[in-house]
Amino acid sequence: MKKQDSRREKSDREVLENLGALISGQIKKGMIKLEGMMAEAKKSGRRKGESRFMGYVKIFMDDPAVAAVTPSSRYLVERTVSAMNLENARIIVEYGAAQGVMTRRILDRMRPDAVLLAVEFNEELFKELKELSDPRLTLICGDVREVDKILARHRIRGVDTIVSGVPFAFFSGRGRHELLTKTSDLINPGGRFVAYQVTTHLIPLLKDYFSKVDIQFEVRNIPPHFVFTALK
C-alpha cells in the first residue's frame with residue numbers, strides 16, 4: 001500500500017512539474033507580444049486604468065523579481081486568501097505585496113485585532129502600495145530574504161500566517177532553503193505558509209520544512225498559478 005502511495009505521489013509530482021515547465025515556456029513566448037504592447041501603448045497613449053496596467057507590465061519586464069505578468073486575478077486572490085486561515089491569524093506577513101491587490105483582500109478578511117506586515121522590494125510598486133491606509137498595516141520596502149531582521153526590528157518573534165507571491169524559482173537552491181528555513185522558524189506552531197507560484201519548485205522543499213502540504217491550481221490568472229498551503 002505504501003509503495004502504491006509513493007508511486008502515485010511521484011506520478012502526481014511529475015505531472016505538476018511538467019505543467020509548471022509548460023507554463024514557464026508559454027510566459028517566455030509571450031514576452032515578444034508584451035514588448036509590442038508596451039511600444040503600442042507608448043505611441044497611442046492610454047486611459048488611466050490602462051496606463052497603470054501597462055506600467056505594471058513594464059515593471060514586470062524590467063525587474064525579474066516581479067513574479068507575474070499582471071496583477072493577481074480575483075480568482076487567485078480568493079483562493080490564496082481562503083487558504084490563509086485569517087480568522088485564526090493575529091500576526092500576518094506578506095512577501096512581495098506588489099501593488100497591494102492581495103494586501104487589500106487580506107485587510108478585508110483579517111481580524112480587527114490582527115496586524116499585517118507587507119514587504120515589497122521593488123520601489124516603483126512600493127510607491128503604489130503606500131496608497132493603502134489601515135492602522136493594522138505596516139508597509140516595508142525591503143528584501144524578504146532578511147525577514148528575520150525585519151521582524152526583529154518590529155519586535156515580532158512569531159507569526160501565524162505568511163503569504164508569498166515572491167517567485168522562489170528566481171532564487172538559487174541555497175537561497176530557497178535559506179528563506180524557507182527563516183520562514184519555518186518564524187511561523188508559530190499550528191501556523192501556515194501560503195505561497196502562490198508559477199512553477200512547482202517549492203513542492204519537494206515544502207515537505208522538508210512543514211508537516212503537511214496542500215497543492216491547488218488556479219487557471220483563471222495570467223499566468224496560471226499554483227497555490228501551496230504548508231502547515232507547521
- Checked region 140-159 for anything out of contact with any helix residue (DSSP H, G or I) (no Cβ under 7 Å at 6 or more places or on another chain), over 27 Å from Pro223 (Cβ atoms) and at pLDDT 95 or above; matches are Glu146, Lys149, Ile150, Ala152, Arg153, His154, Arg155, Ile156
- Residue set Leu180, Leu186, Leu202; condition open to solvent by less than 40 Å² (accessible area, probe 1.4 Å), more than 13 Å from the chain's Cα centre (by Cα), farther than 15 Å from Ile92 by Cβ and not basic (Lys, Arg); output residue Leu180
- Select the strands (runs of 3 or more DSSP E) contained entirely in region 62-166, then report the ones holding at least 3 residues which are hydrophobic (A, V, I, L, M, F, W, C) and more than 16 Å from Tyr196 (Cα to Cα). 115-120, 137-141
- Looking at (1) in a strand (DSSP E or B); (2) over 30 Å from Ile222 (Cβ atoms); (3) of a type in the set (S, T, N, Q), find the lone condition where Thr181 falls short. (1)
- With respect to Ile222, determine if the residue is outside any strand (DSSP E or B) and either in contact with a Lys or Arg (Cβ under 7 Å, 6 or more places away or on another chain) or over 21 Å from Met102 (Cα atoms) (or both). no
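So which of Met84, Met110, Met102 is touching a residue at least 40 places away in the same chain (Cβ under 8 Å) and in contact with a helix residue (DSSP H, G or I) (Cβ under 6 Å, 6 or more places away or on another chain)? I'd like the intermediate steps shown before the answer.
Details: Met84 fails: in contact with a helix residue (DSSP H, G or I) (Cβ under 6 Å, 6 or more places away or on another chain); Met110 fails: touching a residue at least 40 places away in the same chain (Cβ under 8 Å).
Just a single option satisfies the conditions, and that option is Met102.
The values are calculated or read from the model by the stated rules, or taken from the named source; none is laboratory data. Please read these numbers as outputs of a predicted model, since none were measured by experiment. Positions of Cβ are generated from backbone atoms using ideal geometry, with glycine treated the same way; all protein chains shown enter the neighbour counts. Keep in mind that these areas ignore ligands, DNA and RNA; they rest on the heavy atoms of the full protein, side chains included. Shrake-Rupley method; radii C 1.70, N 1.55, O 1.52, S 1.80 Å.
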